[in-house]
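Step one of this worksheet: look at the structure below.
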Amino acid sequence: MATPVVAIIDSGGANIASLLYAFERLGTKAILTTDAAIIRGAGRVILPGVGAAKDAMTRLREHRLIDVIRDLTQPVLGICLGMQLLADASEEEDVECLGIIPGTARQLESATTCPVPNMGWCPISISADHALLDGLADGAYFYFLHSYALPVSDHTVATASHAEPFAAIISRRNFLAAQFHPERSSHAGSLLLQNFLRSAA
Amino acid sequence: MVKGVQFRNHRIVGDIVDLAQRYCAEGADELVFYDITASPDGRTVDRAWVDRVAAVIDIPFCVAGGIRSIADAEEVLHKGADKISINSPALEHPPLIDELAKRFGSQCVVLGVDSHEQDGSYHVYQYTGDPDKTTAAERSTIDWIREAQDRGIGEIVLNCMNQDGVREGYDTDQLRLVRDNSQVPLIASGGAGAMRHFLDVFARADVDGALAASVFHSAEINISTLKSYLADHAVHVRQ
């Protein structure tokens with residue numbers, strides 16, 4: 001079997017290198033691209049994102065990728081802001097997003113014990129069986145770096161909690177997303193990425 | 001959270017890459033790469049190191065040292081850093097914080113503060129990488145961390161200079177004071193010499209992380225052993 005090729009959609013975030021390195025360590029070829037044909041033809045697609053939702057949506061629109069992403073049928077993994085982009089909208093500057101997974105990203109509640117942004121390792125609580133979580137235990141730690149998150153919904157596979165619970169992993173059809181950064185989440189993150197590479201279309 | 005490790009730039013690249021991998025394997029939660037002489041020398045971090053380290057580690061990676069513009073930050077982030085930490089350049093030109101936070105998001109921008117106690121109050125120092133150039137910035141530490149948060153900083157690493165290198169424990173009083181004046185994550189730095197110092201700082205100052213360098217470099221404290229110890233004392237750590 002040929003090595004699956006991963007297309008990482010260049011949504012404009014500056015720190016994409018860590019994601020490329022993560023696939024390199026797994027021995028998988030990954031390409032950072034805004035080319036619709038490459039994205040459509042890839043075995044797996046990653047929608048990353050760092051920075052503001054509005055900037056990322058503007059960039060996807062400029063590259064005419066909105067409908068390309070909506071119509072993808074292979075496994076797609078949104079990461080961090082990329083997860084929020086898959087949702088209906090984000091409260092951050094009131095941006096309309098891709099509308100693939102129901103919900104609106106909201107700013108995290110701040111509390112004295114839970115400063116925002118949430119920057120750190122948090123345990124996840126698994127709420128539904130999913131192939132993406134094969135080999136991962138309830139309470140596994142992942143690295144989060146965010147100020148916005150999607151609320152817990154029917155599409156939530158795992159939750160995490162800051163001042164309040166929020167969706168850590170969501171799934172709808174071929175679309176998956178994680179609020180944390182698997183590429184910076186040590187063994188647990190590596191396992192999750194390997195599960196994603198193995199997942200059926 | 002055991003926040004990780006502070007590199008000093010006198011090591012050769014091969015050493016740095018090996019150390020980075022060792023700390024990952026031991027269970028460090030983050031690596032902080034400091035080029036401490038970058039600002040006093042008027043140069044930016046050696047970017048070849050950033051690349052090489054980013055490629056081999058799978059934990060968060062923060063780079064500090066002489067980042068004085070959007071372009072500097074962008075290059076470091078493109079090389080694989082997840083966060084950038086700024087110190088002296090932010091004191092020289094505080095609007096740099098606003099610019100970086102707007103461009104990359106607060107979660108990407110860490111403020112490093114070198115703070116020194118004088119007659120019962122705390123003051124900020126700059127260019128601390130070079131003893132000959134270290135100067136008092138004539139700002140109160142509390143005023144500075146409040147201003148920096150208003151400008152959009154996402155995390156604070158407070159290096160308590162009185163304790164730095166002394167290995168007699170973190171300055172928990174000062175860290176507690178800064179904790180009470182911060183709405184963003186606070187990382188303790190300076191003074192770690194024994195495992196109980198980590199326990200003290202989490203218990204007394206309620207910090208979000210503790211950073212150490214020499215005790216890890218010298219292998220006096222193994223990170224995995226430290227985390228087991230902290231977990232045994234009811235501190236939440238990733239193991």
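Where a number appears in this text, it was derived from the coordinates with a stated rule and is not lab data. Remember, it's a predicted structure, so these values are computed and weren't measured experimentally. Backbone-built Cβ (ideal geometry, glycine too); neighbour counts: all protein chains shown.
Observations, loosely collected:
- For the pair A:Leu26 and B:Thr134, label points projected 7 Å from Cα toward Cβ lie 4.5 nm apart.
- Simple point charges give the picture: +1 on the Cβ of Lys and Arg, -1 on the Cβ of Asp and Glu, and for the range B:108-239 a dipole about the Cα centre of about 440 debye.
- Placing +1 on the Cβ of every Lys and Arg and -1 on the Cβ of every Asp and Glu, with no other charges, gives chain B a dipole of roughly 420 debye about its Cα centre.
- From helices alone, chain B scores -11000 deg cm²/dmol at 222 nm; the rule is -39500 (n - 2.57) for each run of n ≥ 4 DSSP H residues, then divide by the residue total.
- HN-Hα J in Hz across the range B:60-69 - Karplus 6.51, -1.76, 1.60, θ = phi - 60°, x for Gly and Pro: x, 9, 10, 10, 10, x, x, 7, 10, 7
- Simple Cβ-charge dipole of chain A, Lys/Arg +1 and Asp/Glu -1, about Cα centre, in debye nearest 20: 620 debye
- In this structure the amide hydrogen of B:Gly209, modeled in the peptide plane, comes within under 5 Å of the amide hydrogens of B:Leu186, B:Ala188, none closer than 5 places in sequence on its chain.
- Integer Hz, Karplus 6.51/-1.76/1.60 couplings in order for the range B:25-35, x for Gly and Pro: 5, 6, x, 4, 8, 6, 10, 10, 9, 9, 9
- Remark: A:Leu65, A:Leu193 ranked as A:Leu65, A:Leu193, counting other beta-carbon atoms within 10 Å and listing the fewest first.
- For the range A:111-141, backbone nitrogen atoms closer than 20 Å to the point 7 Å from A:Gln194 Cα along Cα-to-C-beta are found at A:124, A:130-141.
- A simple rule links phi to the HN-Hα coupling: the Karplus curve 6.51 cos²θ - 1.76 cosθ + 1.60 with θ = phi - 60°, which for the range B:212-222 gives 8, 10, 5, 5, 7, 4, 7, 6, 5, 10, 8 Hz, with x for Gly and Pro.
- Taking 22 Å as the straight-line reach from the Cα of B:Lys102, the lysines in range (excluding those fewer than 8 positions away in the same chain) are A:Lys54, B:Lys79, B:Lys83.
- Taking every alpha-carbon pair under 8 Å whose residues sit at least 6 apart, the range B:2-232 reaches a relative contact order of 17 percent.
- Spin-label pair A:Arg61/A:Arg40, simplified geometry with 7 Å Cα→Cβ offset, distance in nm: 2.3 nm
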